[in-house]
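Data first, discussion second: the structure below is written as structure tokens.
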Amino acid sequence: MGRRRRYRHRASAVRFRRECASAFATGGSHRDARARDHARPRAPPSDRSGGARRELRRRRVRSRRGAAARAANAPRGCRRAHVDPRPERFAPGGWSPAQFAERRMPTLDELNAAAPETPVFVLHLYSRGMLNRAGLRALGITAETKPPPGGRFERGPDGQPNGLLVADPDPTILYATVGKLPQLSTEDQVVSTRHFYRELNRFGVTSVIDAGGGGHRFPDDYAGSAALAASGELPLRISYYLFPQRPGRELEDFQRWTAENKPGTNGDRLRANGYVLEGGGEFLAWSAGDFENFLAPRPELSDRPKWRDDLTGVARELVTKGWPIRIHATYDESVAHILDVFEQIDGEERAGGRRGFAGIRWAFDHAETVSPKSLDRIHALGGGVAVQDRMAFAGEDFVARYGADAARAAPPIREMLRRGIPVGAGTDGTRVAGYNPWLSVYWLVSGKTVGGTQLADEPNRLRREEALRLWTVGSAWFSGEEKVKGRIAPGQYADFAVLSADYLAVPEEEIKQLESVLTVVGGDPVFAAGPYARLVATSLPPIKPEWSPVAFYGGYARKK
């Protein structure tokens, strides 16, 4: 920023066969810019770095027994885990009990039997977590350990923590557990990041927006992505938001960030809008956050004495400094409270002759139960709504608590579109959802969870063209790129994917199986398979460590 840059432009001709091409971009909310630990250490690939953990992602494992077997046997298959003296961790996330044949969580006994010596942390949405006995030992959790506020350790008859972590009323206990997991070196962060982004390219993803997440410090945990951007090696475009990590001190963090950083700054050496600091979110103030723990009663912001002051201070700081805003809200009651604060700030700013919220791009994330009245207020204030496929993974829990009728339009996407509110789609990956964008597209079109439960009724399901639009030009609005990204047309970025089958024609259930055979970003092929494999000759550095399940099984839903 501040000077003109000359970006490279190269042209070549490729003859396509009869595949389906799409200007595919994940924009609604995908957790990607933070130090990517795809190969091992981490809290669900969502985002963290670590020291010698292993990540086990949902790869068409049909039963929890199969998942447990992979956790127990994959490292031995690689002949490493039982001889490596360093601490090791598994950190699974982004799955639903309903996707397994048993349609239930594993028990702690099953977890301990599958991995008696390897520390394992299983994250189930933002509802609960499970640590096996080795994991409890590795993190030093004993009868004397006090849980973070908002959560608790379940205890056995002997009074000792049994490994079940309950996030009620908020997931601070889960964030804290993620935060204790060991770090990767900067070099290994870069390698892990390369592999994860290649995995996204495999699904046709050309852009992501990272809306921020708990347990990830800026700039430390962004080192992998920042290094690739600085060297011009990012294989996709990234916009990212800053998420405060110190509850009660959020305003201090944002005051420092707004003083030291400018939104819209591009850190990519070669591509326009390649690695851009976008704004603040998706938490502005921890006390103003409502979490989607559908196993627990809805949290009420008004029960928290400081939420309004905390949110007002941060929101005013960002609005007056011209920083875009994204804010997490699950329930309409929370949306309404947050809008009260935003409307008050907007009125005060306009009374002082300033633009208020008209001067920034802002949006809610999630909004599963937002009401028509709140949608009218969002529209009047110029906001957008980014929806994610959380209901595809947590829909059964939502129905059990709130009923099938409430789930038929959760979130009410059709009502958002009817009002002309900007709407984008994403995955909320990778802690509470998977990173496969086609699962999200399938959920938008079918209205079904990954476990097959029918949620949305016919009026609230999207046509395939509508779902694709939310994932392309719809999501581009949230990074301010709707005029240059999201379409295959003159004047747009040369970002597109050639798919393995015709998205508009395949049977609905086969949408989940779509992949890319050619992904192009800025005119450069970044992923190629099948007849186009020769176009991407660059191989990635080996996964570290060599016993990683990613090295053994490959990527999502793939076995090498």
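The values are calculated or read from the model by the stated rules, or taken from the named source; none is laboratory data. Values in this document were obtained by computation on a predicted structure and should not be read as measured data. Cβ coordinates were reconstructed from backbone atoms using ideal geometry, including for glycine residues, and neighbour counts include every protein chain displayed.
Brief remarks on what is shown
- Considering only residues in segment 199-229 that are modelled with pLDDT of 95 or more and either assigned to a helix (DSSP H, G or I) or among the acidic types (Asp, Glu) (or both), the one that is farthest from the chain's Cα centre (by Cα) turns out to be Ala229.
- Any hit, segment 358-373, residues being in contact with a Gly (Cβ under 8 Å, 6 or more places away or on another chain), of a type in the set (Asp, Glu) and touching a residue at least 24 places away in the same chain (Cβ under 8 Å): yes
- Here segment 436-458 is the region considered, the condition is being hydrophobic (A, V, I, L, M, F, W, C) and assigned to a loop (DSSP other than H, G, I, E, B), and the residue that is farthest from Asp405 (Cα to Cα) is Val450.
- Complete set of residues in segment 155-190 that are assigned to a helix (DSSP H, G or I), over 20 Å from the mean Cα position of the chain (by Cα) and β-branched (Val, Ile, Thr): Thr186
- Taking segment 141-196 as the range and being of a type in the set (Gly, Ala, Ser) and either modelled with pLDDT of 95 or more or on the phi < 0 side of the Ramachandran plot (or both) as the test, the residues that pass are Ala143, Gly151, Gly156, Gly163, Ala167, Ala176, Gly179, Ser185, Ser192.
Residues are listed down the side, and each one gets a yes or a no for (1) farther than 24 Å from Glu415 by Cβ; (2) among the polar types (S, T, N, Q):
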position	(1), (2)
Tyr275	yes, no
Asn293	yes, yes
Ala336	no, no
Ile345	yes, no
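- Output for segment 102-119, where each listed residue is in contact with a helix residue (DSSP H, G or I) (Cβ under 8 Å, 6 or more places away or on another chain) and part of a loop (DSSP other than H, G, I, E, B): Glu102, Arg103, Arg104, Met105, Pro106, Ala115, Pro116, Glu117, Thr118, Pro119
- Looking only at residues of segment 403-414 that are over 23 Å from the mean Cα position of the chain (by Cα) and not in a helix (DSSP H, G or I), we find that the one that is nearest to His366 (Cα to Cα) is Arg408.
- Residue in segment 354-376 that is polar (S, T, N, Q), under 27 Å from Leu295 (Cα atoms) and in contact with a strand residue (DSSP E or B) (Cβ under 6 Å, 6 or more places away or on another chain) present: no
- Selection status of Thr472, hydroxyl-bearing (Ser, Thr, Tyr) and either modelled with pLDDT under 95 or closer than 23 Å to Trp95 by Cβ (or both): no
- Among residues of segment 374-399, those that are surrounded by 23 or more Cβ atoms within 10 Å (Cβ to Cβ) and free of Cβ contacts under 8 Å to residues at least 40 places away in the same chain, counted: 1
- In segment 261-270, the residues that are assigned to a loop (DSSP other than H, G, I, E, B), under 23 Å from the mean Cα position of the chain (by Cα) and more than 21 Å from Leu311 (Cα to Cα): Gly264, Thr265, Gly267, Asp268
- Total residues in segment 344-373 satisfying the condition of being crowded, with 18+ Cβ neighbours inside 10 Å and hydroxyl-bearing (Ser, Thr, Tyr): the figure is 1.
- Just one residue in the set Ala433, Ala425, Ala400, Ala394 is within 27 Å of Gly215 (Cα to Cα) and assigned to a helix (DSSP H, G or I); that residue is Ala394.
- Note on segment 222-251: residues that are surrounded by fewer than 24 Cβ atoms within 10 Å (Cβ to Cβ) and of a type in the set (Asp, Glu) amount to 1.
- Number of residues in segment 508-560 that are among the aromatic types (Phe, Trp, Tyr) and under 24 Å from Gly274 (Cβ atoms) equals 2.
- From Gly403, Gly352, residue being more than 19 Å from Val341 (Cα to Cα), without any contact (Cβ under 8 Å) to a residue 12 or more places away in the chain and out of contact with any Leu (no Cβ under 7 Å at 6 or more places or on another chain): Gly403
- Members of segment 230-260 found to be touching a Gly at 6+ places or on another chain (Cβ under 9 Å), assigned to a helix (DSSP H, G or I) and hydrophobic (A, V, I, L, M, F, W, C), listed by number: Ala230, Leu251, Phe254, Trp257
- Candidate set: segment 129-163, residues that are buried (at least 17 other Cβ atoms within 10 Å of the Cβ) and hydrophobic (A, V, I, L, M, F, W, C); chosen: the one nearest to Thr118 (Cα to Cα): Ala134
- Just one residue in the set Val432, Val445, Val441, Val473 is β-branched (Val, Ile, Thr) and out of contact with any helix residue (DSSP H, G or I) (no Cβ under 9 Å at 6 or more places or on another chain); that residue is Val473.
- Looking across Asp457, Asp428, Asp405, one residue alone is at pLDDT below 95 and farther than 19 Å from Ser207 by Cα. It is Asp457.
- Filter result (buried (at least 24 other Cβ atoms within 10 Å of the Cβ) and polar (S, T, N, Q)) within segment 178-193: Gln189, Ser192, Thr193
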